[in-house]
Amino acid sequence: MYNINRRKFLGYFGCTCCSLILPSCSTVPITERKQLSIIPESRINMQAAKAYENFRQKTKLITSGSQLRDIRKIGKKMEFAVSTFFKNQGKKDPTENFGWDYILVDNDKVVNAWCMPGGKIAVYTGLLKVTENINALSIVMGHEIAHAVARHSVERMSHAMTINLGSTVADIFTGGAVSRTRNTVGRNTGLDIFQLGIMNPFGRKQETEADYLGLIFSSLSGYDIRESVKLWERMGKKNKGKEPPVFLSTHPNSKKRIENLSNWISEVIIKYPPIKI
Ligand SMILES: [Zn+2]
């Protein structure tokens, strides 16, 4: 009985992905990991854009100068490299609906950067003190952009929704309930986008995936990704001080991370050479 139902179930939804078996999933570009995706990406991007505008209004920003120029230059190169890479592969460009934007936050105490869903990127001046050079900055930006390209916020919010849905999850598998659930999801996510979608730590799997994809994006954009190891060593030293970098507290396990990066660097340099502009 169980087997028959299970087979019927799998046949119907055509997908066994995700630890919670639900009808909607998508595939992360390049790593091809299956992920849960019950909330439409377009809706999350729209909400993120609003949260970003709100953040811009309330935050002290640096609006000119060489630091901001560096951030924009790296960003532009990465936008082009990522789009061109997927085009060359004959694949859908995961950033085609992004509205890229870059801000530099005037706060030396915060060692952090983030990229909201849809490509809204913030770098804090505190981070630039640790990155020290454009290669290292490109590693951090590549990592943050990778979270957006891999739709990690969509995935995380989808998981959160399924937990919130609780007993009604069972209803999803009955006819018509999927669309009803989508509507509920849409209404409920508005308030949480910044906290849940941006500021909370990603899971370890997502972090590792963002490290890997970030290296690729940085390499495609023509930066020296060997700098990534030195960057994380500097970050580790900073962590011993009184105020550990936000970037570290939300991005766990720096020893393992350096080990991973060291293993990936040669392969990434060979497989993902710079894309010519
Ligand atoms: Zn991260």
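The values are calculated or read from the model by the stated rules, or taken from the named source; none is laboratory data. As the structure is a computational prediction, the values presented were derived from the model and not from experiment. Every residue, glycine among them, receives a Cβ derived from its backbone with ideal geometry; neighbour counts consider all protein chains shown. To get the accessible areas, we keep the full protein, side chains included, count just its heavy atoms, and leave off ligands, DNA and RNA. Shrake-Rupley method; radii C 1.70, N 1.55, O 1.52, S 1.80 Å.
See the values below:
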| item | result |
| --- | --- |
| Residue-by-residue Karplus 3J(HN,Hα) for region 212-221, coefficients 6.51, -1.76, 1.60, Hz, glycine and proline x | 5, 5, x, 4, 4, 5, 5, 5, 4, 8 |
| Residue-normalised accessible area of region 42-89, given per residue in Å² at a 1.4 Å probe | 62 Å² |
| Built amide H within the under 5 Å cut-off of residue 102, gap 5+ | 121 |
| Residues with amide H under 5 Å from that of residue 24, placed H, sequence gap 5 or more | 37 |
| Carbon/sulfur fraction of accessible area - region 15-165, other protein chains in place, 1.4 Å, % | 48 percent |
| Sequence-distant lysines (8 or more away, or on other chains) whose Cα lies within less than 24 Å of residue 77 | 87, 91, 92, 120, 129, 230, 271, 276 |
| Under the Karplus curve 6.51 cos²θ - 1.76 cosθ + 1.60, θ = phi - 60°, whole-Hz ³J(HN,Hα) for region 132-142, x wherever Gly or Pro sits | 6, 8, 5, 4, 5, 4, 5, 5, 5, 5, x |
| Label point 7 Å beyond Cα of residue 87 along Cβ direction - residues of region 139-156 with amide nitrogen under 19 Å | 149 |
| Probe 1.4 Å - accessible area at residue 43, Å² to nearest ten | 80 Å² |
